[in-house]
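Enquirer: I have a structure I would like to understand better, so I am pasting it below and will then ask my questions one at a time.
The values are calculated or read from the model by the stated rules, or taken from the named source; none is laboratory data. Fair warning: this is a prediction, and the values are worked out from it, not measured in the lab. No Cβ is skipped: glycine too gets one built from the backbone with ideal geometry, and neighbour counts run over all protein chains shown. Areas reflect the complete protein model, heavy atoms only, side chains present, ligands, DNA and RNA absent. Shrake-Rupley method; radii C 1.70, N 1.55, O 1.52, S 1.80 Å.
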Amino acid sequence: MRRLVHHFKRFQNDERGAFMVLFGVLAVVLIATAGAVVDFTAVQQARTRGQTALDSASLALQARISLDTNAQLKTKATTILQERLNDATITASVSLVETNTTEGSIKLTASITKPTAFVALIGIPSITAQLVSQATRKQLDLEVAMVLDNSGSMSTNSRMTNLKLAARCATDILFNAITDCSAATLTASDGLAPTVANVKIGISPFNEFVNVGTGYKTASWMDQTGATKVAKDGFDNDNYDGNAFSTAVNRFTLYTNIGVAWEGCVEARNHTTGAGGLYYDTSDLTPSVGTADSLFTPIFAQDQADGFDNSYLSDTPAACPLEPKYIWTQTKFSCNKDATKSQSNYDSAVCDGASPTNVYTQVSETGVTTTVTSTRPSSIYNNPDPGAGVYVDSYATTSGSGSNRTNRRIRTWTYQYTARELHERICKYVAGNAVFSPLAGGPGGMTGPNADCGVAMQPLTATKSSIISKIAAMNSAGGTNIHQGVVWGFHMLSPTEPLTEGKAFAGTTSKVMIVMTDGENTHSWTSDYAGADWYTAYGYPYQGRLAGANNTALQTEMDNRTKTTCTNAKAKDIVIYTIGLSAPNQTTIDMLTACATDPTKAFFPNTATDLVATFRTIANQLADLRLAL
C-alpha cells in the first residue's frame, strides 16, 4: 500500500508532460496569429485589385452619368467590378452611387469580402474592405479646332457623308459626353445644348483655301490698302513684264470695280520672317498694320489671258492700251487691174509702172501715229519684234481706172503683248468688263476672282448649334492645301489676332487640333507662262511665292510648310491629332505622322466608314478623365 501511495505522490509531483498540454492549448492561437499575416496579405491584394477594378468602373461610367439613373449605374458598376476581379472566392458589390452632372463626376462606394484561411480558426471567417473611387473631368478648359478636308475628292465613296457623322460624333462626346455615335443618336442629340462646361470647338474647312468669312472684311488684320507684297503679285500697269511692279493694289477695290463680292477666302501670308525668325505663313505671329507682310490678303485670282483656265474678263477693254503696231504702206501706180480682187493683181506685172512709194510708220499704244521710220523696230514700248513672217496684209485700189489704177498694200506687224502681260494688266478691272458666269457646284465656282472659295470657318465657340450647322454646310470642291488648313487651325487656337476666341496658351486651357484629310498637298503645275492650271493660296508658281518648277517640288514645299506649321503649333503646347483617310502615299503618311504630337496620335483609316470610330477614339481621349480619390 505504501508503494502505491509513493507512486501516486511521484505522479502528482511530476511536471514533465505539462508543456505538451499547454502547447496543445496554445497551438490554435499561435497558428491563427501566424496565419493572420497570410490572410491580411491576401485581403490587401484583393483590396488593391478591387480598387483598380472600381477605378475602371468609375472611368467607364463617367460618360453615362447624364444618360443612366443611379440605380442603373450601380448595377453596371457592380458588373464591371466583379468582371475585373474575376475571383469566385471574393464577394464584391457597389453599395452607393453619387453623381454630379454639372461637375461631370461619379463617385462609387463598394465593398469586397474575402474569406480567411487561418483567422477563421478563432471565429473570423472573412474580412470585408471598403472601397471608394471618383472619376471626373479635369478642371481644364478644352479648345478643339477641327481642321477638315473639303476638297473635291471628299465627294467620292461617301467620304464627306461619313466625315460629317464623325465630326458630329466628336462634338457629342466633347459637349455632352454622349459616346453612342449611331446615326439615330446623333440626330436626336444635335439639338441638345452642351452639358459639359469649359469646352469650345471650332471648325476650319479647307480645300485650296480657307474661308475666314466675309464678316472680317474690315478687320484691321486684313490688308485694306494693298500694302502687302502678296497683294501686288500678278498685277502690272505698264504692259511689260520685264519691269518690277511696286504700286499698291487694293484687292477689295478690284472686286468693287468689276461688281463682284469677295466671298471670304484669304491667301497665304508672305513667306518672310518676323519676330523670333518665324515665317509669317507658318506661324501665329500677330498681324500689325505697321508690318505689311504680317497682314492677310483677300484672295483675288487674276483673270488669265484669253484661252487659259481662269479667263473671265476681256483682255482688251477700252480702258487698256492697244498693242503697238509698225505699218509699211506701199503704193503702186499705172496698174491695169483692181488689186482688191486678188493679191496677185497687186504683185504682178500689171503694176510695173513707176517705182513703188513706201511709207513706214509706228503707231503707239493709244492708236496715235508717233514715229515715221525706214526700218522695222526691234521692239516698240518694250514689246519685241513679232518676226519677219508675222504680219497682216490688206490690199486696195485707191483711184484710177483702166491701166491707170493706183493700188496699195498695207502690211502691219502687231507687237503683241505676251500672255503674262495680258494676264497682269490691271487696267482691265473696270466696270462692265466682267463677262464670266460662275459654274454651279460651289460658292465661288471655278471661274472668277474667288476661285474655289469654299465654306466659311466657324471660330471657337461653346454654342453647339453653331458647330452642327457648320458641319452640315460643308461640301466638296477644289484641290487640297493641308498647310492652309493647319495654319488656320493654329490661328483659331491662338489667343491673338486674327482670331481671338482662344484663351491664353499658359494656364488651365488644353488646346487640341484634329487635322483630317483624304489626300496629299496638291498643285497643278504646267509649263505655260503661269506655271499652273489653278490659282492657289500662293498665287501662280511664276510669282515665286512657292519654290518649285514641277509638281513634285511644289508639293514637297507645301509638305515642308505644313510640317513647320505643326512644329510651331506644338511648341505652343497644342496637341495635334492627324487623320489620313486612305493615305495616297508614304510621303503623306510620313508628313502627317510628323505633324502629330506623337505617332500614337496619327491615324490612317482605310475606308470612310472608319472615320466615326477614329473621331470617337480621339474625342474619348480628349475627355481626359482623372481619378479624384
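Enquirer: Taking the stated definitions as given, is A396 open to solvent by 30 Å² or more (accessible area, probe 1.4 Å) and more than 30 Å from A244 (Cβ to Cβ)? Working first, answer last.
Expert: Numbers: open to solvent by 30 Å² or more (accessible area, probe 1.4 Å): yes; more than 30 Å from A244 (Cβ to Cβ): yes.
When the stated conditions are applied, A396 passes them.
Enquirer: Can you tell me which residue among T552, T522, T556, T564 is among the β-branched types (V, I, T) and part of a loop (DSSP other than H, G, I, E, B)? Break it down stepwise before answering.
Expert: Values: T552 fails: part of a loop (DSSP other than H, G, I, E, B); T556 fails: part of a loop (DSSP other than H, G, I, E, B); T564 fails: part of a loop (DSSP other than H, G, I, E, B).
Exactly one residue qualifies, and that residue is T522.
Enquirer: Look through the stretch 64-91, keep the residues that are aliphatic (A, V, I, L, M) and closer than 15 Å to S133 by Cβ, and return whichever of them is most open to solvent (accessible area, probe 1.4 Å).
Expert: Restricting attention to the stretch 64-91, the residues satisfying the condition of being aliphatic (A, V, I, L, M) are 65, 67, 71, 73, 77, 80-81, 85, 88, 90.
Checking which are closer than 15 Å to S133 by Cβ leaves us with 65, 73, 77, 80-81, 85.
Working: I65: 18, L73: 0, A77: 0, I80: 34, L81: 0, L85: 8 Å².
In this case the residue turns out to be I80.
Enquirer: Please verify whether the stretch 557-575 includes one or more residues that are under 17 Å from the mean Cα position of the chain (by Cα), more than 25 Å from E143 (Cβ to Cβ) and free of Cβ contacts under 8 Å to residues at least 24 places away in the same chain. Outline the logic, then answer.
Expert: Initially, the stretch 557-575 is screened for residues under 17 Å from the mean Cα position of the chain (by Cα), giving 557-570, 574-575.
After this cut, where a residue has to be more than 25 Å from E143 (Cβ to Cβ) as well, the list is 557-560.
So of that shortlist, the ones also free of Cβ contacts under 8 Å to residues at least 24 places away in the same chain come out as 557, 560.
Within the stretch 557-575, one or more residues are under 17 Å from the mean Cα position of the chain (by Cα), more than 25 Å from E143 (Cβ to Cβ) and free of Cβ contacts under 8 Å to residues at least 24 places away in the same chain.
Enquirer: Return the only residue of T600, T607, T578 being within 21 Å of T161 (Cα to Cα), among the hydroxyl-bearing types (S, T, Y) and exposed (fewer than 15 other Cβ atoms within 10 Å of the Cβ).
Expert: On the way: T600 fails: within 21 Å of T161 (Cα to Cα); T578 fails: exposed (fewer than 15 other Cβ atoms within 10 Å of the Cβ).
T607 is the lone residue from the list that is within 21 Å of T161 (Cα to Cα), among the hydroxyl-bearing types (S, T, Y) and exposed (fewer than 15 other Cβ atoms within 10 Å of the Cβ).
Enquirer: If you take the residues in the stretch 475-493 that are of a type in the set (A, V, I, L, M) and under 9 Å from the mean Cα position of the chain (by Cα), which one is farthest from E520 (Cα to Cα)?
Expert: Here is the first cut: in the stretch 475-493, the ones of a type in the set (A, V, I, L, M) are 477, 482, 486-487, 492-493.
From what's left, under 9 Å from the mean Cα position of the chain (by Cα): 482, 486-487.
Details: I482: 7, V486: 13, V487: 16 Å.
Applying the filter and picking the extreme gives V487.
Enquirer: Oh, and also: Counting only residues that are in a helix (DSSP H, G or I) and over 23 Å from the mean Cα position of the chain (by Cα), which one in the stretch 154-185 is nearest to A623 (Cα to Cα)?
Expert: N176
Enquirer: I'm checking my understanding of the structure. Among residues of the stretch 372-386 that are without any contact (Cβ under 8 Å) to a residue 24 or more places away in the chain and among the small types (G, A, S), which one is nearest to F333 (Cα to Cα)?
Expert: S374
Enquirer: Any residue in the stretch 132-143 that is at pLDDT 95 or above and outside any loop (DSSP other than H, G, I, E, B)?
Expert: First pass over the stretch 132-143, keeping only residues at pLDDT 95 or above: 143.
Filter again for outside any loop (DSSP other than H, G, I, E, B), leaving 143.
Scanning the stretch 132-143 turns up at least one residue that is at pLDDT 95 or above and outside any loop (DSSP other than H, G, I, E, B).
Enquirer: Quick check on my filter: what residues within the stretch 92-124 are in contact (Cβ under 8 Å) with a residue 60 or more places away in the chain, open to solvent by less than 60 Å² (accessible area, probe 1.4 Å) and of a type in the set (S, T, N, Q)?
Expert: S105, T116
Enquirer: With respect to the numbered conditions (1) in a strand (DSSP E or B); (2) at pLDDT below 95, which one is the sole condition not fulfilled by P205?
Expert: Single failed check for P205: (2).
Enquirer: A further question follows. I need the full set of residues from the stretch 228-259 which are more than 28 Å from E323 (Cα to Cα) and assigned to a loop (DSSP other than H, G, I, E, B), in order please.
Expert: Once the filter is applied, which keeps residues that are more than 28 Å from E323 (Cα to Cα) and assigned to a loop (DSSP other than H, G, I, E, B), the stretch 228-259 yields only T228.
Enquirer: Examine the stretch 371-388 for a residue that is modelled with pLDDT under 95, open to solvent by 70 Å² or more (accessible area, probe 1.4 Å), in a strand (DSSP E or B) and of a type in the set (V, I, T), and state whether such a residue exists.
Expert: yes
Enquirer: Can you go through V230, V260, V249 and tell me which one is open to solvent by 10 Å² or more (accessible area, probe 1.4 Å) and among the β-branched types (V, I, T)? So that I can check it myself, show each step before the final result.
Expert: Numbers: V230 fails: open to solvent by 10 Å² or more (accessible area, probe 1.4 Å); V249 fails: open to solvent by 10 Å² or more (accessible area, probe 1.4 Å).
Just one listed residue meets the conditions, V260.
Enquirer: Being of a type in the set (S, T, Y), assigned to a loop (DSSP other than H, G, I, E, B) and modelled with pLDDT under 95: is that true of T480 here?
Expert: Numbers: of a type in the set (S, T, Y): yes; assigned to a loop (DSSP other than H, G, I, E, B): yes; modelled with pLDDT under 95: no.
No, not satisfied.
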